[in-house]
Amino acid sequence: MGTKPGIETAFERLLFRSRWLMAPFYLGLALALFMLLAVFVTDLVYYLPQAFVIGQRMDSNAAILAVLTLVDLSLAGNLLLIVMFSGYENFVSKLDLDGETDRPPWMGTVDFSGLKMKLIASIVAISGIQLLKTFMNIGKPGYPLDEPAMMWGVIIHLTFVVSGVLLALMDWLTAKTDKH
């Protein structure tokens, strides 16, 4: 068996090294995490006084909507972390974190299939929270009943749910088949 031509080897090395072009994307996602943190803190500062000011205290529905907004932002942040860490480790380079004692147990173990499942599960949860917030606003002043928007919200959410089930089914079927 002969050796590869030098140009083929050089081309393959170039392709392999091009994975580092993804690194700025992950840096951008880290900046987006700061953006989400800023929005979270702004919302928290906005809602906290409303919960404690006597005479203008928010009712239980408003409190639930405020909490759902904060949960929504935290789920989006979790989604960003999963994509950043798993994507970087799967497609760019292993994170060298020797000596780190608080490394999450899932780091380094989430493959592309697991990443897809975590991603769709997060999207379904975020979509469900948005839908719940929409339903909780029904009948409130300033929130007219927009039946087409609600219908599309349900359709989109169900599309995410069905997509997640189909992805899980495809992964399950792939795991059951013999590797070639």
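Anything in the chain that counts as a DSSP H helix reaching 30 Å or more along its axis (C-alpha) with Kyte-Doolittle mean of at least 1.0? List them, would you? Could you put the intermediate results ahead of the total?
Working: long enough: 23-52 (44 Å, 1.66); 60-91 (45 Å, 1.38); 112-136 (36 Å, 1.25); 147-176 (43 Å, 1.27).
Sorted by number, the helices that extend far enough and score high enough are 23-52, 60-91, 112-136, 147-176.
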If you project the alpha carbons of segment 109-163 onto their three principal axes, what span does each projection cover, largest first, in Å? 48, 16, 10
Listed here are the pairs LYS94/LYS118; LYS116/LYS140; LYS94/LYS176; LYS116/LYS176; which of them are more than 30 Å apart at the Cα? LYS116/LYS140
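Just from its helices, what would the mean residue ellipticity at 222 nm be for the chain, if runs of 4 or more DSSP H residues each count -39500 (n - 2.57) and the sum is divided by every residue, rounded to the nearest 500 deg cm²/dmol? It would help to have the intermediate numbers written out before the result.
Numbers: 5 runs with 129 residues, N = 180.
Counting only the DSSP helices, I get -25500 deg cm²/dmol.
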Using the Cα centre of the chain as origin and beta-carbon charges of +1 (Lys, Arg) and -1 (Asp, Glu), tell me which of PRO144, LEU48, LEU21 is placed farthest towards the positive end of the dipole. LEU21
For segment 1-124, with +1 on Lys and Arg beta carbons and -1 on Asp and Glu, the positive-most of LEU75, ILE64, ALA121 along the dipole: ALA121
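Can you give the charge dipole size of segment 1-57 about its Cα centre, rounded to the nearest 20 debye, using +1 on the beta carbon of Lys and Arg and -1 on the beta carbon of Asp and Glu?
The dipole of segment 1-57 has a size of about 120 debye.
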Normalised by the number of residues in the chain, what is the relative contact order in percent for Cα pairs under 8 Å and 6+ residues apart? 21 percent
Could you tell me the largest-minus-smallest coordinate of the C-alpha atoms of segment 1-88 on each of the three principal axes, in descending order and whole angstroms? 84, 20, 11
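Sorted from fewest to most neighbouring beta carbons within 10 Å, what does the list LEU115, LEU70, LEU31 look like? Walk me through the numbers on the way to the answer.
Values: LEU115 18, LEU70 15, LEU31 8.
Least crowded to most crowded, the residues run LEU31, LEU70, LEU115.
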Find how much the distance from VAL41 to LEU21 grows on full extension, using 0.36 nm per residue of separation minus their present alpha carbon separation; answer in nm with one decimal. 4.0 nm
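Counting each pair of different Cα atoms once, what's the Kirkwood radius of the chain in Å, rounded to one decimal?
Working: mean 1/r = 0.0493 Å⁻¹.
It works out to 20.3 Å.
Read the figures in this text as sums done on the coordinates, not as results from a lab. In this text, all values refer to a predicted model and were calculated from it rather than measured experimentally. So basically every Cβ, Gly included, is an ideal-geometry build from the backbone, and we count neighbours across all protein chains shown.
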